[in-house]
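Novice: My questions will all concern the structure given below.
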Amino acid sequence: MHELAITVIGPDRTGIVADVAEALAGVGANLTDSTMTRLRGHFAMTLICTGPTAAEAEKALESLAGVTTAVRQVSPEASGGGDGEAWVVSVHGADRLGIVAAVTREVAGAGGNITDLSTRLVGSLYVLIAEADLPAGAGDELAQHLAVAASELGVEVTLRRAEPEIL
Amino acid sequence: MTFPELPEGRVLPVVTAPATVLSTVGDEVDPTDPAVLQLAADLVATMKVSAGCVGLAAPQVGVGVQVFCVNVVGHPKAATVHGTFALCNAKIIEASRWKAGREGCMSVPDLTGDVKRAGRIVVEAVLPGTGEAVTITTDAFEARALQHEIDHCAGNLFLDKVAGAHAIYQRKVYL
Ligand SMILES: [Zn+2]
């Protein structure tokens, strides 16, 4: 079974998600994990699907006007992934160059794997929220390193455990 | 519980993030200081003229102290409601029934976020003017508003507590 990683990016418009999904369904693609968001008015979709070859998927997506697509064959995930402790990092402050690089480098330095990230620039306020899996017991030291990095950047940072809601 | 009447307040400009005062731990105040009573009145006046505003803390008008007001009267998510009131030096002494909910902030006008808050709290504080010590037990939306304002007084924004990377939402669309 082919497993494909596909990205579709372009100006947002009504129906774009349906168009992408329909085009892929037309060549028998089964969407497994996918994410779609709007970034400053741009539609951005990343997905993994199984079924067609890369060439078949590329051809199907050619019918979509005005978007940039990339299709690549990938190997299936080796493990179930995600061990370690789940944490959330919040950063906010005046926008300046290098905030994401500095913060994510500290997380990596602590052996943390970022599992989800979003940033927003609204007016002059820059906000970064990252979820990370950290090795057990690594949180306190990372919090100290982040505090140093944040004060150098002139931004505020908090690191806290993500508590899953199990109902 | 009845809260003492406040003097006539002035409407003050609200500061927005990134502003240092919003991320600075507020000082405790002397609640009997006439300037603190006036500040409480000004916060209420500013809250009242701001559409949809259910609470306002001193750092949001540029004053880094532990004073805030709330008013959730008529809010659909409110249960217990104490009316319009202002508190100084408030501390949460009990918190339970944690629940996620969406909230916004006049100092972060373009974003909202999902934040876990206690659905029932007990707060100890002193009243501006008289300095009378009060204990307030509340729940639901009033509890959320109090926690949000007490956070402001400690230099924290809802952004410091959002549930995850996809728990912030843009209010306006930038095209
Ligand atoms: Zn606020």
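Novice: For segment A:85-161, what does the relative contact order come out to in percent, with C-alpha contacts under 8 Å and a separation of six or more?
Specialist: Worked out over segment A:85-161, it gives 47 percent.
Novice: What is the average number of partner chain Cβ atoms found within 10 Å of a Cβ in B:156-163?
Specialist: 6
Novice: Students often get this wrong, so check it: of B:Lys48/B:Lys161; B:Lys99/B:Lys161; B:Lys116/B:Lys161; B:Lys77/B:Lys99, which have C-alpha atoms separated by over 18 Å?
Specialist: Beyond 18 Å: B:Lys48/B:Lys161.
Novice: Count neighbours as other Cβ atoms within 10 Å of each site's Cβ, and list the trypsin sites (Lys or Arg not before Pro) in segment A:1-74 that are DSSP loop with at most 15 such neighbours.
Specialist: Passing sites in segment A:1-74 are A:Arg13, A:Arg40.
Novice: Now a separate question. Using only Cα atoms, tell me the angle between helix B:34-49 and the longest principal axis of chain B; keep it within 0 to 90° and round to the nearest 10.
Specialist: That works out to roughly 40 degrees.
Novice: Another question, then. Within segment A:69-167, list the GluC sites (Glu not before Pro) lying in a DSSP loop whose Cβ has at most 11 other Cβ atoms in a 10 Å radius.
Specialist: Sites meeting the loop and neighbour criteria: A:Glu77, A:Glu165.
Novice: Here's a follow-up. Helix A:139-153 sits at what angle to the longest principal axis of chain A, using alpha carbons and giving 0 to 90 degrees rounded to 10?
Specialist: Compared with the principal axis, the helix lies near 90 degrees.
Novice: Tally Lys/Arg at +1 and Asp/Glu at -1 over every other residue whose Cβ is under 10 Å from the Cβ of B:Leu157; what's the total? Present the calculation step by step, with values, prior to reporting the outcome.
Specialist: Details: positive: B:Lys161; negative: A:Glu156, B:Asp151, B:Asp160.
It works out to a net charge of -2.
Novice: Based on the mean of other Cβ atoms within 10 Å per residue, sort peptides B:117-128, A:89-100 so the most packed one is first.
Specialist: B:117-128, A:89-100
Novice: List the residues, sorted by chain then number, that are 5 or more residues from B:Gly101 or on another chain and whose placed amide H is less than 5 Å from its amide H.
Specialist: B:Val115, B:Lys116, B:Arg117
Novice: Quick one: angle between helix A:16-26 and the longest Cα principal axis of chain A, in degrees between 0 and 90, rounded to 10, please.
Specialist: 50 degrees
Novice: Normalised by the residues of segment B:20-170, what does the relative contact order come to in percent, with Cα pairs under 8 Å and at least six apart?
Specialist: 29 percent
Novice: Using modelled backbone amide H atoms (1.01 Å from N, in-plane), which distant-in-sequence or interchain residues come within less than 5 Å of A:Val122's amide H?
Specialist: Those qualifying (amide H under 5 Å, at least 5 residues apart or on another chain) are A:Val127.
Novice: For peptide A:87-97, how many partner chain Cβ atoms fall within 10 Å of a residue's Cβ, on average?
Specialist: 4
Novice: Sticking with this structure for a sec: Classify segment A:1-124: rounded, prolate or oblate, from the alpha-carbon gyration tensor (a ≥ b ≥ c, eigenvalue square roots; a/c under 1.5 rounded; otherwise prolate if a/b is larger than b/c)? Working shown, then result.
Specialist: Details: a/c = 2.90, a/b = 1.44, b/c = 2.01.
Oblate is the answer for segment A:1-124, as a/c is 1.5 or above yet b/c matches or exceeds a/b.
Novice: Given Cα pairs under 8 Å that are at least 6 residues apart, what percent is the relative contact order of chain A?
Specialist: Reported as a whole number, the value is 23 percent.
Novice: Further question on the same structure: Report, as an integer, the average count of C-beta atoms from other chains found within 10 Å of each Cβ along A:123-133.
Specialist: Partner Cβ neighbours, averaged per residue: 5.
Novice: Continuing with the same structure: Can you spot the aspartates and glutamates whose alpha carbon is less than 17 Å from B:Lys91's alpha carbon? Ignore those fewer than 8 places along the same chain.
Specialist: Qualifying aspartates and glutamates at Cα under 17 Å: B:Asp27, B:Glu28, B:Asp30, B:Glu124, B:Glu132, B:Asp139, B:Glu142, B:Glu149, B:Asp151.
Novice: Another one. With Cβ to Cβ distances under 13 Å as the rule, what net charge do the other residues near B:Val44 carry (K, R +1; D, E -1)? Spell out each step's value before the answer.
Specialist: Details: positive: B:Arg10, B:Lys48; negative: B:Glu5, B:Glu8, B:Asp42, B:Glu149.
Taking every other residue near B:Val44 into account, the sum is -2.
Values in this text are rule-based calculations from the coordinates and carry no lab data. No experiment lies behind these values; they were computed from the predicted model shown. Cβ atoms come from the backbone with ideal geometry, glycine included; neighbour counts cover every protein chain shown.
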